1. For the stretch 128-185: of the residues being under 18 Å from M56 (Cβ atoms) and of a type in the set (D, E), which is modelled with the lowest pLDDT?
2. Which strands (runs of 3 or more DSSP E) sit wholly inside the stretch 83-185 and have at least 1 residues that are surrounded by 20 or more Cβ atoms within 10 Å (Cβ to Cβ), touching a His at 6+ places or on another chain (Cβ under 7 Å) and not aliphatic (A, V, I, L, M)?
Amino acid sequence: MKKSLLLFAATAILFAACGSNENKTAEGGTTKMNDTTATAATTSESKSERNKKTVMASYDAMNSHNVSEALKYCTADVVDYGDGSMPPVKGRDSIEKMINGWMTAFPDNKAENVKYIADGDWVAVWADQTGTWKGDFMGMKATNKSYKVKDVDIFKLNDEGQITEHHNVQSSNTMMSQVGMHMHK
């Protein structure tokens with residue numbers, strides 16, 4: 001169950017640097033980059049921007065409850081590490097099954113105030129996550145109580161611009177206490 005909660009906090013964006021070929025110095029002045037440095041920065045910025053757009057599209061699809069669309073941006077062997085408190089969930093099909101179960105239990109879940117930052121292969125997303133427990137979940141009866149939590153999702157993308165990893169920093173215990181969810185021991 002906790003895997004599902006952690007996975008939800010995860011899914012699917014970021015910041016790109018400007019394309020200037022000048023660097024700010026500690027003294028407030030600027031220095032000109034050489035062609036090699038400028039090319040490397042442009043490549044990195046392009047990769048960051050591309051990865052940001054990928055995660056944004058996945059996040060938008062998840063916010064629209066289109067799980068298949070959200071996961072199309074992931075490799076088949078994507079791994080969701082959650083917050084590290086549970087074993088990772090491996091594979092797009094396993095992740096899709098868990099998210100669909102979550103969406104059934106929390107049909108109005110959504111992310112608001114979403115902010116993105118990207119740096120090369122990594123994209124971080126922070127947002128307010130909300131939802132109401134309206135459908136039974138993992139043998140537990142819905143309470144019709146709502147939750148609102150701060151969440152940070154961290155995605156790693158490969159050279160082809162596909163999501164390969166997800167990590168999150170959401171407090172599943174906070175969310176569970178807000179909706180009256182009690183883990184069976």
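1. Within the stretch 128-185, the match that is modelled with the lowest pLDDT is D151.
2. Ranges flagged: 146-157.
The values are calculated or read from the model by the stated rules, or taken from the named source; none is laboratory data. All values reported here derive from a predicted model rather than from experimental measurement. Cβ coordinates were reconstructed from backbone atoms using ideal geometry, including for glycine residues, and neighbour counts include every protein chain displayed.
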